[in-house]
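As structure tokens, the structure follows; a few thoughts come after it.
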Amino acid sequence: MVAHAFAILRHDTVIFQKTYSRYHRWLMQFARMLGKKTYVDIDDAPSRTNSAVTLRNFEAMCRTADGVFAGSSNLVDYTRGFQANSHLVPSSIYLPHYQPVVKRDAASSAAVCLGWVGNGKHYQRDLIEILETPLRELAARHRLRFKLVGACGVKELYEVFEQIPGLQIEFIDAVDWSDPSAVSQAISDFDVGLYPLLPNEFNHYKCGFKALEYMAMSTPVVASPVANNADVVQHGETGLLVHTADEWVASLEELIQDGQRRLIMGQKGRERVEVEFNTVHTADLLAELIQLQPN
């Protein structure tokens, strides 16, 4: 707390990124008293559990701040309810940490790797309810490997996916999330990146970072059209957006059988990240927005 206060003294602009405690409210008030510009940066729902305290703190900080940087259009709409100066600053990728590897030859007979990365504790329901049936059907017809990075030792994930006949399964319980190169290495062998999301209140505010990570690694994405996914994934170009279990099966089967299409989609995804979701461009956008705000 003291260290943060001293840091505020040394800077003209203070950005509070996903921090909404009463201590952060006090720090924002302290920064404002010193004439500093203050912003709230958010790329997820403020609270997974709809905690009244967290939501109250978040709203108060947004009202106090000079503005809000929101990672999706849904978050912009939400925060503009109490902060008119809310701007879309999309999630983006620091490309030096995401260097694609040479993908398998289109004619390779090796098992196709369908992969997911994230926090298994938070997304076990999304994974199981959306993917179990399609993977069961596809594993009966194709050589498939399902690699789940971030399983977090969740027992139900192991139990559900390990019992699917014919499915090669690889669980990685944890990686060093603070090391972006560790994440990119863990997902480098994905042939298709999976992004299943249930249409619930929390997921409504997701910003599509998982899809961007896949795309940065030249990996095509198959995703639920929830939240920001439809803005990030170009259907038929960089990936496929699917609603039902039958659509998951059909879309994944298409990519499993067509290695050349996977390569083309992956290349287009990487190009899209380089042009539109690159941290270099995001930094320029932030600098512009901050300079536009009066002292």
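Would you work out which of Val226, Val280, Gln29 lies farthest towards the positive end of the dipole of the chain, given +1 charges on the beta-carbon of Lys and Arg and -1 on that of Asp and Glu, about the Cα centre?
Going by the Cα projections, it comes out as Gln29.
For a protection proxy built on the mean count of beta-carbon atoms within 10 angstrom, sort 275-281, 24-30 highest first, please.
Peptide ranking by packing, descending: 24-30, 275-281.
Given a 1.4 Å probe and every protein chain left where it sits, what share in percent of the accessible area of the chain is carbon and sulfur?
Roughly 52 percent, rounded to a whole number.
Can you compute log10 of I(q)/I(0) for region 90-249 with the Debye formula, treating each Cα as one identical point scatterer, at q = 0.08, 0.11, 0.14 Å⁻¹?
Values returned for q = 0.08, 0.11, 0.14 Å⁻¹ are -0.21, -0.40, -0.68.
Which percent, to the nearest 5, of DSSP beta bridges fully inside the chain are antiparallel?
If I count the DSSP bridges inside the chain, around 0 percent turn out antiparallel.
Out of His235, Ile15, Val89, whose Cα points farthest toward the positive end of the dipole of the chain (charges: +1 Lys, Arg; -1 Asp, Glu; placed on Cβ)?
Of the listed residues, the answer is Ile15.
Write down the accessible area per residue of the chain in Å², having rolled a 1.4 Å probe over the full set of protein chains.
46 Å²
Pop the C-beta distance of Asn50 and Glu156 into the FRET formula with R0 = 25 Å and round what comes out to the nearest 0.05.
0.60
State, to one decimal in nm, how far the label point of Glu132 lies from the label point of Glu288, with both points 7 Å from Cα in the Cβ direction.
4.7 nm
Where the only charges are on Cβ atoms (+1 Lys, Arg; -1 Asp, Glu), what is the dipole of region 36-154 about its Cα centre, to the nearest 20 debye?
320 debye
Quick check: the angle from helix 245-257's long axis to the longest principal axis of the chain, C-alpha only, nearest 10 degrees?
70 degrees
The values are calculated or read from the model by the stated rules, or taken from the named source; none is laboratory data. This one's a predicted model, so the numbers in the text were calculated from it and none came from an experiment. Every residue, glycine among them, receives a Cβ derived from its backbone with ideal geometry; neighbour counts consider all protein chains shown. Note: accessible area is taken over every heavy atom of the protein model, side chains too, but ligands, DNA and RNA are not part of it. Shrake-Rupley method; radii C 1.70, N 1.55, O 1.52, S 1.80 Å.
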